[in-house]
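J.: I am attaching a structure below and will ask some questions about it afterwards.
The values are calculated or read from the model by the stated rules, or taken from the named source; none is laboratory data. As the structure is a prediction and not an experimental result, all values here were calculated from the model. All Cβ positions, glycine included, derive from the backbone under ideal geometry; neighbour counts span all protein chains shown. What goes into the accessible areas is simple: the full protein's heavy atoms, side chains included, and nothing from ligands, DNA or RNA. Shrake-Rupley method; radii C 1.70, N 1.55, O 1.52, S 1.80 Å.
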Amino acid sequence: MSQARSLSVSSRVDSVGESHNSSTAGVNNSNNREISGSDAQARPSLLSSDERAVYQEALQHISREKKEDDLPEGVLTVSLLKHQKMALAWMVSKENSSHCAGGILADDQGLGKTVSTIALIQKQRSQQSEFMSVDSDRLKYEALNLDEDDEGEQTVNDEPKKDQGASSSSTADGTSIVEPSVSQSNTVPDKMAESKKKAKAYSSSGSTTRSMARPAAGTLIVCPASILKQWANELADKVSEGAKLSVLVYHGGLRTKDPRELAKYDVVVTTYTIVANEVPKQIADDDTDRKNSEESSAGNKRKPPSSAKSKYKKKKKKLKDSDFDLDSGPIARVRWFRVVLDEAQTIKNYRTLVARACCGLRAKRRWCLSGTPIQNAIDELFSYFRFLKYDPYSTFSSFCTMIKHPIARDAVHGYKKLQAVLKVVLLRRTKETLINGVPIINLPPKTINLNKVDFSREERSFYLNLEERSRQQFKAFAAAGTLKQNYASILLMLLRLRQACDHPLLAKGNQSEYGGDGSIEMAKKLPKEVVIDLLAKVEVGSAVCSLCNDTPEDAVVTLCGHVFCYQCIHERITTDENMCPAHNCNKTLSLESLFSSGALRICISGKSSSAGASSSADDESSSISQSSYISSKIQAAIDILNTIINTDALTESDTMESNRNRVTPVKAIVFSQWTGMLDLLEFSLNMNLIQYRRLDGTMSLNLRDKAVKEFNTDPEVRVMIMSLKAGNLGLNMVAACHVILLDLWWNPYAEDQAVDRAHRIGQTRPVTVSRLTVKDTVEDRILALQEEKRAMVSSAFGEDKSGGHATRLTVEDLRYLFGI
Ligand SMILES: [Zn+2]
Ligand SMILES: [Zn+2]
């Protein structure tokens with residue numbers, strides 16, 4: 001545990017122990033003290049790397065300056081809003097902090113995290129240039145001794161770091177002068193193999209010196225592929241002609257292989273997938289960490305620091321370090337001035353390849369941007385802390401002993417402490433946040449209506465029947481003490497109940513014969529035993545989709561044997577990652593290797609057999625189970641839509657003269673979590689001659705773009721029907737001022753994000769949200785569970801005084817949901 005690091009305790013923290021009212025909770029972070037170097041040296045008592053140092057420091061700087069910062073006139077094409085100026089001041093001070101240079105900007109979706117980040121890049125531009133130029137000069141005659149490098153994969157947890165502050169952008173100290181290396185003049189990609197060999201030769205000879213120097217590069221922005229273009233556009237549009245940044249979109253098969261090319265740009269924008277592919281992973285640490293934490297949680301006391309272990313770790317890292325250049329791409333072969341992870345919840349699961357890869361990036365300054373940094377569990381914070389190198393919480397064992405276990409023991413106290421820890425690195429404002437009593441953003445009001453729909457008589461009896469059967473089954477599991485073993489089948493029963501609230505046909509569970517394009521051809525090439533094995537996996541019904549934590553809709557199985565919703569995995573592959581997201585899998589996936597049971601059956605029998613055979617046993621003749629049947633919920637949605645469209649038409653004709661200029665028609669977005677429900681809804685929209693577009697996770701990015709564009713611009717298109725699981729990142733649909741949510745999800749934040757498509761900067765009209773639920777059904781109980789989840793998250797952020805609650809559905813939750 002290093003002295004150098006713990007000296008560098010956070011520079012500005014505030015009001016930790018105080019109670020906040022919910023509206024101003026995050027704002028207090030923006031105070032702006034900095035410790036000068038001499039100040040820091042005057043505090044030798046903080047030398048222990050224990051978290052008390054952080055905490056102590058946090059308490060010492062209780063000050064609530066709401067400092068603002070701004071850019072000179074004419075740098076940006078937009079002027080910063082007040083809260084963005086505060087974000088800028090906070091981000092600048094964080095970057096100049098010697099402890100964990102960076103943080104989490106967790107403002108609500110729509111508050112302009114992108115603009116704040118662009119402002120930061122501009123504000124710190126001279127430091128960045130200095131970092132890049134000093135380095136490029138030096139490279140002309142020096143090679144780096146990488147072990148003296150300030151940041152890197154070998155400094156994951158507990159290694160001393162040199163010169164973290166901004167002033168240290170000249171890292172020349174600590175580098176040793178050796179012979180200039182051949183590889184630096186290496187411009188041709190295929191020479192890389194040669195230089196790799198050299199690197200190997202160096203390391204195997206025991207030398208710590210590299211043949212490959214890492215060029216110093218500017219700011220790297222990592223985001224999901226779906227918003228790559230948006231970033232490039234914002235970087236171009238928001239910056240004035242005179243202050244232009246050079247931007248490289250690093251994406252696609254033709255991207256450069258030369259790290260020095262990346263180092264030429266002020267900003268490089270890329271995707272999580274590319275980072276995952278190009279950065280070597282740090283697998284060993286996670287396993288060690290995990291074990292330790294389990295040990296310590298079992299004993300429930302602090303474990304003594306094991307010096308043997310850390311030695312082992314260092315050795316391991318050296319080994320990995322020497323392999324570094326061999327399997328890494330250009331992104332991993334430069335030293336970044338700054339790395340920004342946008343939609344940083346992408347790395348919330350610290351075990352995933354993508355999370356580990358992001359941690360492996362070398363950077364002086366690190367940022368996470370996310371409107372929903374915690375979605376389900378406190379654990380998610382660990383992944384950000386590790387990426388940020390926020391010590392001492394950047395190892396899983398410390399995270400558990402210092403944050404997680406205290407919450408488990410005493411929620412109120414534990415959360416209070418977490419709030420303190422978060423305040424050091426996280427700035428969060430919601431749309432409701434007030435600054436000096438004034439809302440930080442002037443969005444038109446948002447009204448949320450809970451519309452309670454009544455079942456028809458037939459639907460009610462269908463539902464009650466289903467509910468009774470599930471209840472009996474649940475009781476049987478409970479009596480046998482096998483609730484946990486039957487988690488997946490209980491989840492399935494719940495799914496059917498939830499779907500029955502939408503439409504009886506959904507609850508029948510007819511799976512469409514989805515499968516990736518060409519998956520049948522692909523399946524035919526597989527050995528028959530493999531096909532049979534995969535078919536068993538996808539048909540057995542005991543699978544839970546690890547992307548949505550629910551029973552898979554249109555289940556498909558991957559070659560590696562993991563089962564997902566077709567939509568979930570398709571969404572994942574097309575917009576971002578092509579690695580299997582199942583725990584510890586990480587096999588590469590393609591759309592062609594997603595197999596539905598239908599496709600697999602065709603391979604075995606030569607024909608698509610029993611589609612629907614499973615449901616024919618039920619009362620198939622019943623009219624409410626037809627796709628043409630209009631369920632009460634669908635009718636309720638159509639009624640709302642008709643009202644919207646007709647009211648609008650009326651006012652238009654009434655005031656035609658006066659309002660000729662602003663006859664922008666009122667539009668609506670309708671969300672469901674099931675593509676099957678969207679199919680059913682389409683039928684009714686067509687019947688009612690309502691023009692709509694559709695967006696779901698099974699569509700290509702181009703088709704999505706087209707749908708969004710047409711919805712936003714074509715006055716005839718009044719409705720967007722959309723999957724809750726798709727396109728919830730950054731999409732701007734302010735053309736809509738009505739949002740209809742057809743069904744409820746466990747995770748209330750998915751709903752918030754959905755609503756934020758419309759309720760964001762640029763919206764000029766009041767937004768109405770209609771949540772449709774059916775009276776006296778499982779949906780009532782889901783509403784209550786959602787409230788609990790909100791309580792957990794707001795406890796973490798200190799937005800609410802209540803203690804927290806666990807996250808995944810527990811046995812108690814299940815009892816409750818079944819009304820037992
Ligand atoms: Zn899913
Ligand atoms: Zn897999």
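J.: Against the condition touching a residue at least 24 places away in the same chain (Cβ under 8 Å) and either part of a helix (DSSP H, G or I) or surrounded by 17 or more Cβ atoms within 10 Å (Cβ to Cβ) (or both), how does R471 come out, does it pass?
T.: yes
J.: Looking at the stretch 700-716, which of the residues that are more than 20 Å from the chain's Cα centre (by Cα) and among the aliphatic types (A, V, I, L, M) is surrounded by the fewest Cβ atoms within 10 Å (Cβ to Cβ)?
T.: L703
J.: Return the only residue of S79, S45, S98 being part of a loop (DSSP other than H, G, I, E, B), outside the structural domain of D752 (by TED's automatic domain parsing), at pLDDT below 80 and farther than 26 Å from K348 by Cβ.
T.: S98
J.: State whether one or more residues within the stretch 416-425 are closer than 30 Å to R214 by Cα, out of contact with any Pro (no Cβ under 6 Å at 6 or more places or on another chain) and at pLDDT 85 or above.
T.: Looking through the stretch 416-425, at least one residue is closer than 30 Å to R214 by Cα, out of contact with any Pro (no Cβ under 6 Å at 6 or more places or on another chain) and at pLDDT 85 or above.
J.: So which pairs qualify, if the first residue must be in the stretch 212-230 and outside any strand (DSSP E or B), the second must be among the aromatic types (F, W, Y), the Cβ gap must be under 7 Å, and the two must be at least 6 apart or on different chains?
T.: Going by the 7 Å Cβ cut-off, the qualifying pairs are P224/Y272.
J.: Would you confirm whether or not the stretch 117-136 contains a residue that is at pLDDT below 65 and outside any loop (DSSP other than H, G, I, E, B)?
T.: Yes: one or more hits.
J.: I need the full set of residues from the stretch 239-261 which are at pLDDT 90 or above and over 14 Å from I331 (Cβ atoms), in order please.
T.: Within the stretch 239-261, V239, S240, E241, G242, A243, K244, L245, S246, V247 qualify.
J.: Could you check how many residues of the stretch 360-371 are at pLDDT below 95 and within 15 Å of the chain's Cα centre (by Cα)?
T.: 2
J.: Could you name every one of the strands (runs of 3 or more DSSP E) located completely within the stretch 534-608 that has at least 2 residues being without any contact (Cβ under 8 Å) to a residue 60 or more places away in the chain, away from ligand 1 (no atom under 16 Å from the Cβ) and aromatic (F, W, Y)?
T.: none
J.: How many residues are outside any helix (DSSP H, G or I) and either open to solvent by 10 Å² or more (accessible area, probe 1.4 Å) or over 23 Å from E234 (Cβ atoms) (or both) if we restrict to the stretch 252-280?
T.: 13
J.: Any chance you could count how many residues in the stretch 541-576 are under 12 Å from S596 (Cβ atoms) and within 16 Å of ligand 2 (Cβ to nearest atom)?
T.: Summing the residues that are under 12 Å from S596 (Cβ atoms) and within 16 Å of ligand 2 (Cβ to nearest atom) in the stretch 541-576 gives 11.
J.: Now for a different question. Can you give me the number of residues within the stretch 405-450 that are within 30 Å of Q499 (Cβ to Cβ) and surrounded by 16 or more Cβ atoms within 10 Å (Cβ to Cβ)?
T.: Selection size over the stretch 405-450: 1.
J.: Which of the residues that make up the stretch 725-739 are modelled with pLDDT of 85 or more and within 24 Å of the chain's Cα centre (by Cα)?
T.: Once the filter is applied, which keeps residues that are modelled with pLDDT of 85 or more and within 24 Å of the chain's Cα centre (by Cα), the stretch 725-739 yields only V739.
J.: Give me the residue from the stretch 517-535 that is away from ligand 2 (no atom under 16 Å from the Cβ), at pLDDT below 85 and hydrophobic (A, V, I, L, M, F, W, C) and, out of that set, least open to solvent (accessible area, probe 1.4 Å).
T.: A523
J.: Now, a different point. Those residues that are more than 16 Å from ligand 1 (Cβ to nearest atom), in contact (Cβ under 8 Å) with a residue 12 or more places away in the chain and closer than 18 Å to A758 by Cβ, I need them from the stretch 692-712; list them, please.
T.: The answer is Y692, R693, R694, L695, R704, A707, V708, E710, F711, N712.
J.: If you don't mind, another one. Looking for something under 29 Å from P504 (Cβ atoms), at pLDDT below 65 and not assigned by TED's automatic domain parsing to the domain that holds K528 - is there at least one such residue anywhere in the stretch 638-658?
T.: Scanning the stretch 638-658 turns up no residue that is under 29 Å from P504 (Cβ atoms), at pLDDT below 65 and not assigned by TED's automatic domain parsing to the domain that holds K528.
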